[in-house]
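Take a look at the structure below.
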Amino acid sequence: MNLELNTSVADPQWHGLIVWYFFLGGIAAGAYVMAALADLFGDIDDRPGVRVAYYIAFPLVGVCGLLLTIDLGRPERFWHMLIQSNTGWPMFKWWSPMSVGSWGLSAFGLFSFASFAGVLAEDGWLGLKRFSPLASRLRTGLAGRLFALGGALSAFFLGSYTGVLLTAGNQPVWSNTTWIGALFLASAASTGIATMVLLDRSLKLNIKESVIEHLEQLDSWAIVLELVMLAIMAISLGHLSRSAFGTWPGLLIPAFVVPVGLIFPLLVKRWGGTRAAETASIFVLVGGFVLRSAVVGMPFPLLSLTTVGR
């Protein structure tokens, strides 16, 4: 008697909205970290070049929350991730990646909202000009540094959490490597900085050229780090690497993300013309989105078990 049993790991159906959540959340986190680090360690000339991060982080994380809520299937029950329905008290499950992620996203949302309101007040938008002196004081000094540190940590968490969430699952590709979180964090840095450079350049803001050039250099280093993380991830997967990167959609990583989304922007920055920064930033962003789509959609190999008896 030959008995053949084929089992497969169910597809978690993390596509579409979740990919956009990973992508937009990465941009928000990466940009915010750079702005917070500039507040912590930069000088007064650096701040105008990074303020754009505070303008985009909160709207992007707001969209991320909306995408997550819709993807639940029962959007009205999203609050159950944070609050106990029977007691009304906050609920934090440290052993649950979903619970930790919900609180992490909420914490970053609070920090990014405060920063968003602060720059609106400093720049006099929405009738908030009268609060400009207060916002400027809160952004500097010890209070400002502590706030920047807290915001940077929350953004750092969000940037890596999406990758860590994947590795916490039981999918054969995701669960066989611990490097997706580091990869997504490096990608968050590259796409976040690329967005800042693109906006600083295209909006022609009154920013010193040296500050933007410094951001471009940081983006180049982030791209190199992303390439390194991809290589380490491929090595860590061992025999699964061929399946992960050799079939659709994982094939997009070696075929598109690496040459078009990472190496090409580096070359454009080095030998490009006057609009090299904008061109490179666009390709980095496209590559960042395709990377997340490919990783989330990586194949879930069929597991076969054959038993032979008489």
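The values are calculated or read from the model by the stated rules, or taken from the named source; none is laboratory data. Worth saying up front: this structure is predicted, and the values here are computed from it rather than measured. Cβ: placed from backbone, ideal geometry, glycine included. Neighbour counts: every protein chain shown.
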Which listed residue is surrounded by fewer than 19 Cβ atoms within 10 Å (Cβ to Cβ) and modelled with pLDDT of 95 or more, from 257, 224:
224
Please give the helices (runs of 4 or more DSSP H) falling wholly within segment 170-249 in which 3 or more residues are closer than 18 Å to residue 267 by Cα and touching a residue at least 12 places away in the same chain (Cβ under 8 Å).
180-202, 209-237
Please find, within segment 264-299, the residue that is surrounded by the most Cβ atoms within 10 Å (Cβ to Cβ) out of those that are of a type outside the set (A, V, I, L, M, F, W, C) and more than 21 Å from the chain's Cα centre (by Cα).
269
Return the only residue of 293, 281 being modelled with pLDDT of 80 or more and farther than 24 Å from residue 204 by Cβ.
293
If you scan segment 111-147, which residues turn out to be more than 15 Å from residue 58 (Cβ to Cβ), touching a Phe, Trp or Tyr at 6+ places or on another chain (Cβ under 9 Å) and among the hydrophobic types (A, V, I, L, M, F, W, C)?
138
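Per-residue answers, yes or no, for (1) among the small types (Gly, Ala, Ser); (2) touching a Lys or Arg at 6+ places or on another chain (Cβ under 7 Å); (3) modelled with pLDDT of 85 or more:
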site: 3; (1), (2), (3): no, no, no
site: 19; (1), (2), (3): no, yes, yes
site: 23; (1), (2), (3): no, yes, yes
site: 51; (1), (2), (3): no, no, yes
site: 55; (1), (2), (3): no, no, yes
site: 62; (1), (2), (3): yes, no, yes
site: 70; (1), (2), (3): no, no, no
